């Protein structure tokens, strides 16, 4: 049975749509629990830091909890697949944590604008690194919101980032 | 098969998730899966989650190759035009 070019083109469009949709759904399924987890950790950490400017040490407890919980989530997800991330994931998380620590140690933000730029820099680095559809969709949403970030939110970020890390630097 | 090819190699997907992704009915998708399994293009794994049956589907290497050949065939037809 000969296939007409129009039918072949329509079939290719359907295939492309199905592949793209499946890839996006897979990305959402694997990354969304981790994004929710780290969102909750950030809410807890920044919430404490907002009321106590010297509470930067809370991150030293929250980050290991987040890493452990991410491992637990990944173990649950690997039950439905033949491969998990295991030590690759752990190494990636540690590298990301060290990267953030190094950036803040060297490029310690001292103004609201710098804090905003740093947040955007981290998010762009993360999305480029992950290169997953979910992260890029979330970035497009967040990018449109970061430009309208109110001064109060910037001030919160400044207090939590700048004061905490400046004190850390002073102690060192 | 396009939906399965988008997943990483050796990655399985549950029948219900595949059905939701493709928007197909149980019978329709089941018939397709059985046919593709008979051809050796899919691997079906049935298990239980508690007392609920769970069916997972995975694209095999021959299936991945056959799908890529099919896509290449379609592209050739479109390019010839």
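The values are calculated or read from the model by the stated rules, or taken from the named source; none is laboratory data. Computed from a prediction, not measured in an experiment: that's the story for all the values here. All Cβ positions, glycine included, derive from the backbone under ideal geometry; neighbour counts span all protein chains shown.
Data overview
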{"quantity": "Answer residue from the stretch A:1-27, given it is in contact with a helix residue (DSSP H, G or I) (Cβ under 6 Å, 6 or more places away or on another chain) and modelled with pLDDT of 85 or more and is farthest from residue B:73 (Cα to Cα) among those", "calculated": "A:15"}
{"quantity": "Odd one out for residue B:16 among (1) crowded, with 16+ Cβ neighbours inside 10 Å; (2) within 13 Å of chain A (Cβ to nearest Cβ)", "calculated": "(1)"}
{"quantity": "Only one of A:12, A:37 that is part of a helix (DSSP H, G or I) and closer than 21 Å to residue B:24 by Cβ", "calculated": "A:12"}
{"quantity": "Among (1) assigned to a helix (DSSP H, G or I); (2) surrounded by fewer than 16 Cβ atoms within 10 Å (Cβ to Cβ); (3) at pLDDT 75 or above, the one test that residue A:76 misses", "calculated": "(3)"}
{"quantity": "Long-range neighbours under 6 Å by Cβ, at least six apart or interchain, first residue facing chain B (nearest Cβ under 9 Å) within the stretch A:1-30, second surrounded by fewer than 13 Cβ atoms within 10 Å (Cβ to Cβ)", "calculated": "A:5/B:81"}
{"quantity": "Some residue of the stretch B:63-70 being within 21 Å of residue A:25 (Cα to Cα), within 12 Å of another protein chain (Cβ to nearest Cβ) and without any contact (Cβ under 8 Å) to a residue 60 or more places away in the chain", "calculated": "no"}
{"quantity": "Residue B:11, sole failed condition from (1) more than 9 Å from chain A (Cβ to nearest Cβ); (2) surrounded by 13 or more Cβ atoms within 10 Å (Cβ to Cβ); (3) closer than 19 Å to residue A:18 by Cα", "calculated": "(1)"}
{"quantity": "Lone qualifier among B:42, B:22, B:4 - being more than 14 Å from chain A (Cβ to nearest Cβ), under 21 Å from residue A:26 (Cα atoms) and under 12 Å from the mean Cα position of the chain (by Cα)", "calculated": "B:42"}
